[in-house]
1. List the pairs whose first member sits in the stretch 196-208 and is in contact (Cβ under 8 Å) with a residue 60 or more places away in the chain, whose second member is acidic (Asp, Glu), and whose Cβ atoms are under 9 Å apart, counting only residues at least 6 apart or on separate chains?
2. Would you point out which residue out of Glu228, Glu174, Glu199, Glu214 is within 28 Å of Tyr87 (Cβ to Cβ) and outside any strand (DSSP E or B)?
3. Taking the condition of being more than 19 Å from Ser93 (Cα to Cα) and modelled with pLDDT under 60, how many residues in the stretch 48-80 meet it?
4. Give me the pairs, please: first residue somewhere in the stretch 161-176 and under 13 Å from Val206 (Cα atoms), second residue anywhere and among the aromatic types (Phe, Trp, Tyr), beta-carbon distance under 6 Å, and either six or more positions apart or on two chains.
5. Out of the stretch 205-228, which residues are crowded, with 16+ Cβ neighbours inside 10 Å and not aliphatic (A, V, I, L, M)?
6. Which one is nearest to Gln62 (Cα to Cα), of the residues in the stretch 112-125 that are buried (at least 17 other Cβ atoms within 10 Å of the Cβ) and not small (Gly, Ala, Ser)?
7. When you scan the stretch 93-124, how many residues do you find that are out of contact with any strand residue (DSSP E or B) (no Cβ under 7 Å at 6 or more places or on another chain) and part of a loop (DSSP other than H, G, I, E, B)?
8. Taking the stretch 67-79 only, how many residues are closer than 17 Å to Ser135 by Cα, assigned to a strand (DSSP E or B) and not aromatic (Phe, Trp, Tyr)?
Amino acid sequence: MKKIIAICLLTLIILANASLGRAQDATSAATVSPTPTKEDKEIIDLKDKIATKVAELNKANQSAVSGYVTKVSDTSFKIKSTDDTEYEIKVDSIVTKFYQSTTGQKKNLEYSDIKKDVYVVVSGPQLDKTINANSVWVDEEFVVLVGKVSEVNKDDLSLKVATSEKDTYSLDIESSTKQLMFNTKTLDLERTGFSKIKEGDTIHFVIKKTNKAEMRYSAIRMLIIPQEYFIK
């Protein structure tokens, strides 16, 4: 009987030592990690330097251009700026973000919202006439111009204005049009109405421009300087 008990105790001790040994081996294997070699460190340093250099180049080449969309394809679109320069805009499905700011608040858009004749502002790294777009903003182009009133049409509440560049604009006066007139006596700016505008008056006006060939727009704001001011 004593022999049997001794054999059992010996077996338990052997099993316990074997389990402890395996646990220690597992712990050692989990905690020991290979030491990076000199070559590994050089590769890591080289990767860091390349990444830093690319970031610096991208930052240095960041550009922002605006214009009207002339053509849209699967991975890029073309725009023509106000000076008639054509740019190719490269689009990345992951990097490029699209927004709209015409409502006064930023709204997320999709690439499918970019259509021909839409006015956009694009920012991103530029190489010659190609831009890898980081962001594309769908916006509206507002233009401030000055000219002389050449015709007042009281039937449809519109004006014809000839600018110094010899362009003639037809302006529709809407209920929302902000109209101010320069008072030649007090030299103050006063609110006015369409009936006070005369041929020969100088007018500063703001319009929302489109990519259409027509020269007729709704006036957003107007400042009228009566011709009397210039002939005193």
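1. That search, which allows pairs on different chains as well, returns Lys208/Glu140; Lys208/Glu141.
2. Details: Glu228 fails: within 28 Å of Tyr87 (Cβ to Cβ); Glu174 fails: within 28 Å of Tyr87 (Cβ to Cβ); Glu199 fails: within 28 Å of Tyr87 (Cβ to Cβ).
The conditions single out Glu214.
3. 9
4. Final answer for the pair search is Val161/Tyr169; Ile173/Phe194.
5. Here is the first cut: in the stretch 205-228, the ones crowded, with 16+ Cβ neighbours inside 10 Å are 205-207, 217, 219-220, 222-226.
Residues satisfying the conditions are Phe205, Tyr217, Pro226.
6. Residue satisfying both the conditions and the ranking: Pro125.
7. Qualifying residue count, the stretch 93-124: 6.
8. 6
The values are calculated or read from the model by the stated rules, or taken from the named source; none is laboratory data. Remember, predicted model here, so these are calculated numbers, not experimental data. Neighbour counts run over all protein chains shown; Cβ positions are idealised from the backbone, glycine included.
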